[in-house]
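What follows is a set of notes on a single structure, which appears directly below.
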Amino acid sequence: MQRTYDDDGFEFARLIALGSTYRGLADIGEVLTTIERIPDGDRETWVREWTATADRLADAAQASADAGHDVSARTAWLRAALYYDHASSMAPGTSDPGAYHRLWERQRDCWDAAAARFDPPIEHVAIPYEDMTIEGYVLKPDASDEPRPWVVLNNGSDGPVVSMLAQGGQAALDRGWNALTFDGPGQGATFHRQGVGFRPDWEAVITPVLDWLLARPDVDPTKVVLHGISQAGYWVPRAAAYEHRLAAIVADPGVVDVGASWTSHLPQMMIDLFDQGDKDDFDAFMGAADADVRAMLQWRMAPYLTTSYYDAYQAASAQHLTTDEIAQITCPTLILDPDDEQFWPGQSQQLYDALTCEKRLVHFSRDEGANWHCEVAAQGRRDEVVYDWLADVLGA
């Protein structure tokens, strides 16, 4: 596919927006006209123009709602939510870094307004977790409490909740299944509103989520799947190594070592400083890096709750799977492996090779437009592969 941007972050976000049109979370004309107004690598303009597009859609959604046109209100709010997230994610490192949280709140407000207008409405739930609750959303094809298969959609390090419709939620509904997505530590509302950061032992998150879910009458306890997107390609296998109530798991992609995506671009001198534990010099050199690099890192570091580059790199590196942990995974496992995986190349194969359970590795190619992280421009094909495999495994 021909690129629009040389900047990898901009190009990846462009593909996310275009791919999201498959599920009605973006509109092609809105995406193309917005990116035409944004020069390559210009974060200030990126935030301004995506915000302008989102503002226009949010106003249109409210007008439709006020006139009683709930379907139009829902579809416009869904697109506004995605566009606000596009703006929010680039705000760190700009002249208005506070827009990171402010625009996140706007996208969540748009999502909540849209969720209330589904039929049946998407249920906003609170899941007990340690001494607090975490927010979640239940998606159902109808209002029945008939026990059904459930797909628990585990978002990645920075995805908005609206993206879970495109990355498995709507596919579950299309097949008459129920779905749950939630904001774990470092994600969504748990990070932005409660200030709780990432943790490596993700089984401590999934176990209370399953405790809550399995108490519902509309769950078939033998058919609960955990589906991990992006960084959750580590969290989901990690949880499955210790939590054995899952019927199957999906990792898109497979991730064995989260920290590799951070260290792979460092020069050898910086790797040496990191390996030697030289925090002061590491932070000093990173602080003198290119402004675009520092802006990207500010966004990536935020859910680790630190301003120290060294501490953030250490926290990311703490998220890794051992061979023994991988061997503890007993449920059927599907791993997706796209061409041009830019964050964890080769790790899908590495995870697959180490598994001892029933397993399948599916490769996606650039020839089918399914390359790059999480097959962002081929979401229909990805859903077909994942849910056909799940139906076969569950006998559903």
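Could we say that residue 20 is part of a helix (DSSP H, G or I) and more than 29 Å from residue 378 (Cβ to Cβ) here? Judged against the criteria, residue 20 is not a match.
Test of understanding: among 189, 179, 126, 171, which residue is surrounded by fewer than 17 Cβ atoms within 10 Å (Cβ to Cβ) and of a type in the set (Gly, Ala, Ser)?
On the way: 189 fails: surrounded by fewer than 17 Cβ atoms within 10 Å (Cβ to Cβ); 179 fails: surrounded by fewer than 17 Cβ atoms within 10 Å (Cβ to Cβ); 171 fails: surrounded by fewer than 17 Cβ atoms within 10 Å (Cβ to Cβ).
Just one listed residue meets the conditions, 126.
Scanning the stretch 214-236 for residues being buried (at least 24 other Cβ atoms within 10 Å of the Cβ), out of contact with any Gly (no Cβ under 7 Å at 6 or more places or on another chain) and part of a helix (DSSP H, G or I) gives a total of 1.
Does residue 323 count as at pLDDT 95 or above, surrounded by fewer than 22 Cβ atoms within 10 Å (Cβ to Cβ) and either of a type outside the set (A, V, I, L, M) or out of contact with any Cys (no Cβ under 7 Å at 6 or more places or on another chain) (or both)? Considered against the rule, which asks whether it is at pLDDT 95 or above, surrounded by fewer than 22 Cβ atoms within 10 Å (Cβ to Cβ) and either of a type outside the set (A, V, I, L, M) or out of contact with any Cys (no Cβ under 7 Å at 6 or more places or on another chain) (or both), residue 323 comes out as yes. The residue pairs whose first member lies in the stretch 264-283 and is farther than 16 Å from residue 312 by Cβ, whose second member is assigned to a helix (DSSP H, G or I), and whose beta carbons are closer than 9 Å, counting only pairs six or more residues apart or on different chains, are 269/285; 276/282. Exactly one residue among 284, 289 is modelled with pLDDT under 95, aliphatic (A, V, I, L, M) and either surrounded by fewer than 22 Cβ atoms within 10 Å (Cβ to Cβ) or in a helix (DSSP H, G or I) (or both), and that residue is 289. When the test is whether a residue is among the hydrophobic types (A, V, I, L, M, F, W, C) and over 14 Å from the mean Cα position of the chain (by Cα), residue 152 does not pass it. Evaluated against (1) crowded, with 24+ Cβ neighbours inside 10 Å; (2) at pLDDT below 95, residue 158 falls short on exactly one condition, (1).
Can you tell me which residue in the stretch 260-281 is farthest from residue 167 (Cα to Cα), limited to those that are buried (at least 17 other Cβ atoms within 10 Å of the Cβ) and not aliphatic (A, V, I, L, M)?
Of all residues in the stretch 260-281, those buried (at least 17 other Cβ atoms within 10 Å of the Cβ) come to 260-262, 270, 273-274.
Filter once more, so that each one left must be not aliphatic (A, V, I, L, M): 261-262, 274.
Working: 261: 22, 262: 24, 274: 35 Å.
Within the stretch 260-281, the match that is farthest from residue 167 (Cα to Cα) is 274.
The values are calculated or read from the model by the stated rules, or taken from the named source; none is laboratory data. Predicted model only: the values in this text are computed from it and were never measured. Backbone-built Cβ (ideal geometry, glycine too); neighbour counts: all protein chains shown.
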